[in-house]
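What follows draws every value from the coordinates through simple rules; no lab data is involved. Since this is a predicted model, take the numbers as computed values, not measurements.
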């Protein structure tokens, strides 16, 4: 169970980095976007825990803004960009493996 959580946290971290590279954002907006991408609602606070961890590791930085209410806008650091780019090859390989698993499963289902 712990390995599954770590894998999910790692994938979510990479997804958050990829979204923040495209567009710096605040936590709630990220949470809503990720929920839309995965088609499910993450447990409350999951994104914020990951954001705090990533900030502590120097992968992102928070900038506090006040537009009627105080919010943190998150930006990817150079270290965060390097981490994301270093995982592209592995992610491509995982994509291939997942496709193979899906294809095999679909073949078996057709024969049931």
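Of note:
- Principal-axis tilt of helix 46-56 within the chain, Cα atoms, nearest 10 degrees: 60
- Value of relative contact order over the chain, rounded to a whole percent, pairs C-alpha under 8 Å and six or more apart: 25
- Between helix 2-22 and the chain there is an angle of about 60 degrees, using the helix long axis and the longest principal axis of the Cα atoms.
- Of (i) 47, 21, 21; (ii) 60, 28, 27; (iii) 37, 27, 26, the label for Cα extents along the principal axes in Å derived from the coordinates: (ii)
- Taking the helices alone, the chain has a mean residue ellipticity at 222 nm of -22500 deg cm²/dmol, built from -39,500 (n - 2.57) per DSSP H run of at least 4 residues and averaged over all its residues.
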